[in-house]
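In what follows, a single structure is set out as structure tokens and then discussed.
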């Protein structure tokens, strides 16, 4: 198990920093090759959501264990306006702003577990997990 | 992180050197649109070999680069998408649609030469 690592997200530069930290952190857990790219890409989408919709927030990386299986947990947290319609936000092609509308549904596809909690006016927390195969 | 843009005859070659922020990508787009006019370029190669993440924003910006440059009279070809990056893009559902791609710089140049001489394009 490794110490949690928090990466503050305040601007588009932090998106690059967050995914580089995520790649390094995931490789310590044991992820390799294509999985590292998927993890870095998921972090990129989650961090961009923060910058676009909430202006600032944080990405927290942690190592997890379950039944002898190791994995990475990525939490993207912000205190922005929140997502009014989560079902709609999770539809392919839906975007209330500039992205392709693939950010959240695309991210869900490249991780093993995906959870989103959002309260209007209070912010959004997205938790994703990927297990070592 | 500025992307060096080299002029090679009728072509411009933008070789990305490291990970780019969103602002860097938009700068690259604007810089290419400007230089295509300044140098009267007919073709542009964007080499993304060192890029380890092509997320929705990067993909969308590559598409807008190709579409903008087309409106400015130049063909764009994206080269050097790494296999893991291609895999992640497919998983995410990201496509470059009608943007030309080629394996590497050499294939990218061959593609543009082919297009400029009006031959049938073998690379796509």
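The values are calculated or read from the model by the stated rules, or taken from the named source; none is laboratory data. Note that the coordinates shown come from a computational prediction; the quantities given were computed from them, not determined experimentally. Don't worry about glycine lacking a Cβ; one is built from the backbone with ideal geometry, like all the others, and counts go over all protein chains shown.
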Checklist line | In region A:73-88, the residues that are touching a residue at least 24 places away in the same chain (Cβ under 8 Å) and within 18 Å of the chain's Cα centre (by Cα) | finding: A:73, A:74, A:75, A:76, A:77, A:78, A:79, A:80, A:81, A:82, A:83, A:86
Notebook entry, point to check: Just to be sure, is residue B:73 free of Cβ contacts under 8 Å to residues at least 12 places away in the same chain, more than 29 Å from residue A:90 (Cβ to Cβ) and part of a loop (DSSP other than H, G, I, E, B)?
Noted result: no
Next item on the list: Return a yes/no flag: does region B:39-48 have any residue that is surrounded by 15 or more Cβ atoms within 10 Å (Cβ to Cβ) and under 24 Å from residue A:33 (Cβ atoms).
Entry: yes
Next item on the list: For residues that are part of a loop (DSSP other than H, G, I, E, B) and within 10 Å of chain A (Cβ to nearest Cβ), scanning just region B:84-100, find the one that is surrounded by the most Cβ atoms within 10 Å (Cβ to Cβ).
Entry: B:94
Next item on the list: Inspect all residues belonging to region A:60-72 and state whether any of them is crowded, with 20+ Cβ neighbours inside 10 Å, within 14 Å of chain B (Cβ to nearest Cβ) and within 13 Å of the chain's Cα centre (by Cα).
Entry: no
Item checked: Selected residue (only one of B:51, B:65, B:81, B:45 is modelled with pLDDT of 95 or more, under 20 Å from residue A:48 (Cβ atoms) and away from every other protein chain (no Cβ under 14 Å)) -> B:65
